[in-house]
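Just below is one structure, and these are the notes that go with it.
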Amino acid sequence: MLINPNFLIKDDNRFWSKVEKTDYCWNWKSVLDAGGYGQFKYNGKMVHTHRFVLKLIGVELIDGLQIDHLCRNRKCVNPTHLEQVTKRENILRGVSPSAIHAKKTHCPKGHDYTTENTYYYKRGGRQCKKCIIERSLNQYKNIKDSDKYKQRMRETQKRYYDRRKNDSRF
């Protein structure tokens, strides 16, 4: 959607009067939404400033794409710091737990996250297959070495031998 030319000059001056330009970012000085993004009233509606500035300079906004702040500053309206990306790309570029884990190339024990060595869960998330195997073997070893396991095995063996002793076929 292009900006209505009747409002362009009036809104252009009003918009830029609320921007503080620093050496790097151009910070929005007025209203912020709950997420910390700038808001501006245009044609009776509140719009996000980072989207408005791109429209103002003539960039066509593509449906389904989000605006990523390359500077990580949500108040910034510097067009050179803004890029249209998919939601997934925007999340992975961020600093959320999902983004941090997605950037990891090795498991906590140092094994590579390769296609052959990585198990992907249906609900999302991944796990190192070598670690899964190691954990299973350790659990088996711990069970086998436990006193409870040994006691159960002795009882099972005793029942087996008692049955054999009383069975006429043997």
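The values are calculated or read from the model by the stated rules, or taken from the named source; none is laboratory data. All values reported here derive from a predicted model rather than from experimental measurement. Virtual Cβ from ideal backbone geometry, glycine too; neighbours counted across all protein chains shown. Calculation scope for accessible area: heavy atoms of the full protein, side chains included, ligands and nucleic acids excluded. Shrake-Rupley method; radii C 1.70, N 1.55, O 1.52, S 1.80 Å.
For Q127, the requirement of being free of Cβ contacts under 8 Å to residues at least 24 places away in the same chain, open to solvent by 100 Å² or more (accessible area, probe 1.4 Å) and either in contact with a Phe, Trp or Tyr (Cβ under 9 Å, 6 or more places away or on another chain) or under 28 Å from K109 (Cβ atoms) (or both) is not met. The numbered conditions (1) open to solvent by less than 70 Å² (accessible area, probe 1.4 Å); (2) within 20 Å of R93 (Cβ to Cβ); (3) at pLDDT 95 or above are all true for L54 except (3).
Go through the residues of the stretch 71-86 one by one and say whether even a single one is touching a strand residue (DSSP E or B) at 6+ places or on another chain (Cβ under 9 Å) and part of a helix (DSSP H, G or I). Within the stretch 71-86, one or more residues are touching a strand residue (DSSP E or B) at 6+ places or on another chain (Cβ under 9 Å) and part of a helix (DSSP H, G or I). Summed over the stretch 28-41, the residues that are over 16 Å from I67 (Cβ atoms) and in a strand (DSSP E or B) give a count of 1. Among the residues of the stretch 139-161, is there at least one that is within 25 Å of H101 (Cβ to Cβ) and either of a type outside the set (K, R) or free of Cβ contacts under 8 Å to residues at least 60 places away in the same chain (or both)? Taking every residue of the stretch 139-161 in turn, at least one turns out to be within 25 Å of H101 (Cβ to Cβ) and either of a type outside the set (K, R) or free of Cβ contacts under 8 Å to residues at least 60 places away in the same chain (or both).
Summed over the stretch 17-53, residues that are hydroxyl-bearing (S, T, Y) and closer than 14 Å to R74 by Cα total 4.
Give the residues of the stretch 135-157 that are aromatic (F, W, Y) and open to solvent by 100 Å² or more (accessible area, probe 1.4 Å), sorted by residue number. Once the filter is applied, which keeps residues that are aromatic (F, W, Y) and open to solvent by 100 Å² or more (accessible area, probe 1.4 Å), the stretch 135-157 yields only Y140. Hey, any hits in the stretch 88-102 for a residue that's within 23 Å of V31 (Cβ to Cβ) and not in a loop (DSSP other than H, G, I, E, B)? Yes. Condition check for S98 on (1) touching a helix residue (DSSP H, G or I) at 6+ places or on another chain (Cβ under 9 Å); (2) open to solvent by less than 70 Å² (accessible area, probe 1.4 Å); (3) among the polar types (S, T, N, Q): one failure, at (2).
Going by what's in this entry, would Y119 be described as open to solvent by less than 80 Å² (accessible area, probe 1.4 Å) and over 30 Å from K55 (Cα atoms)?
It is false that Y119 is open to solvent by less than 80 Å² (accessible area, probe 1.4 Å) and over 30 Å from K55 (Cα atoms).
What number of residues in the stretch 30-45 are surrounded by 12 or more Cβ atoms within 10 Å (Cβ to Cβ) and modelled with pLDDT of 90 or more? So that I can check it myself, show each step before the final result.
Going through the stretch 30-45, the residues surrounded by 12 or more Cβ atoms within 10 Å (Cβ to Cβ) turn out to be 30-33, 37-42.
Going one step further and asking which of them are modelled with pLDDT of 90 or more, we end up with 30-33, 37-41.
Final tally of qualifying residues: 9.
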